[in-house]
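S.K.: Here you go, one structure.
Please treat every number below as a calculation from the coordinates, not as lab data. Every value quoted in this text rests on a predicted model; they were computed, and no experiment measured them. Methodologically, a virtual Cβ is constructed for each residue, glycine included, from the backbone with ideal geometry; neighbour enumeration extends over all protein chains shown.
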Amino acid sequence: MSKTITIAIADTDPLRLKQLKTKLLLLTGIQVVFETAALTELVDHLKKQSTEIVLINLESLKNAGADFLNTFQSEMSQTKIILTATHINVVSFWRYVSQGINGFISMKNTKKEILQTIQMVQDLGYFCMTQNLLDNAQEVDSEALFSDREAAIIKGICQEQTSKEIAANLHLSKRTIDWYRSAIMKRIGTQSSLGVIKYAIQHNIYSLP
């Protein structure tokens, strides 16, 4: 029997919070243990009761200020964060990932998609469905579209390292690297390592020695 994942929700909009909670309550293996409109109350709750994943609305996070994620990561490093919103653009999402966000759920996602995201974040530490991201970042440096970990994996691919070798270098499991490789290929729009290498060279993510 799979372990129940404990969830806390933070959203300043009570209707949005109720809609999300209603979907979560219908999911097997998910337990909503706390809900609030204030991130300060969320932090107080987490100090008293360990919770595996928190769902924080993007609007709430923006209102909290730039230092919130840094403080959260230093005090609640064992708790994973999934952003929720109707949509988010590619650049903003990967910027949040670099600050410690673990995933993104669109308010338009089905219950099945929400469950998949929560389970993947719990198992792998990171997940986002490609269709949830708005690609309006054509004028932004391509390297900014990838987290530091993804950039390291791309460079490993360019150096013809196997997933096992990349995993050893980054102290991750081979399964995690395989998932990242697949996600990177989907985002780039290729089905081969050669396509990743070509993209990385063309967009100055990797330079030939």
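S.K.: How many angstrom separate the Cα center of the range 158-179 from the Cα center of the range 68-90?
M.R.: The distance from the Cα centre of the range 158-179 to that of the range 68-90 comes to 25 Å.
S.K.: Could you work out the relative contact order of the chain? I mean the mean sequence separation of Cα pairs under 8 Å and 6+ apart, divided by the number of residues, in percent. The partial results should precede the final answer.
M.R.: Details: 280 pairs, mean separation 30.9, N = 209.
RCO, the chain: 15 percent.
S.K.: Report, in degrees rounded to the nearest 10, the 0 to 90 angle that the Cα long axis of helix 14-25 makes with the longest principal axis of the chain.
M.R.: 80 degrees
S.K.: Okay, moving on. With θ set to phi - 60°, apply the Karplus curve 6.51 cos²θ - 1.76 cosθ + 1.60 along the range 108-119 and write out the HN-Hα couplings as whole Hz, x wherever there is a Gly or Pro.
M.R.: Each residue of the range 108-119 in turn: 8, 5, 6, 4, 5, 5, 5, 4, 4, 5, 4, 5 Hz.
S.K.: Decide, for the range 142-202, between rounded, prolate and oblate: order the square roots of the alpha carbon gyration tensor eigenvalues as a ≥ b ≥ c, take rounded if a/c falls under 1.5, and otherwise choose prolate if a/b is larger than b/c, else oblate.
M.R.: Details: a/c = 1.57, a/b = 1.47, b/c = 1.07.
Judged from the Cα gyration tensor, the range 142-202 comes out prolate (a/c at least 1.5, a/b above b/c).
S.K.: According to a simple spin-label model (label point 7 Å from Cα along Cα-to-Cβ), what is the distance in nm between T4 and E165?
M.R.: Those two pseudo-labels are separated by 4.6 nm.
S.K.: I would also like to ask the following. Label the range 5-134 by shape, choosing from rounded, prolate and oblate, from the square roots a ≥ b ≥ c of the eigenvalues of the Cα gyration tensor; if a/c is under 1.5 it is rounded, and otherwise prolate applies when a/b is larger than b/c, oblate when it is not.
M.R.: Here the range 5-134 falls in the rounded category.
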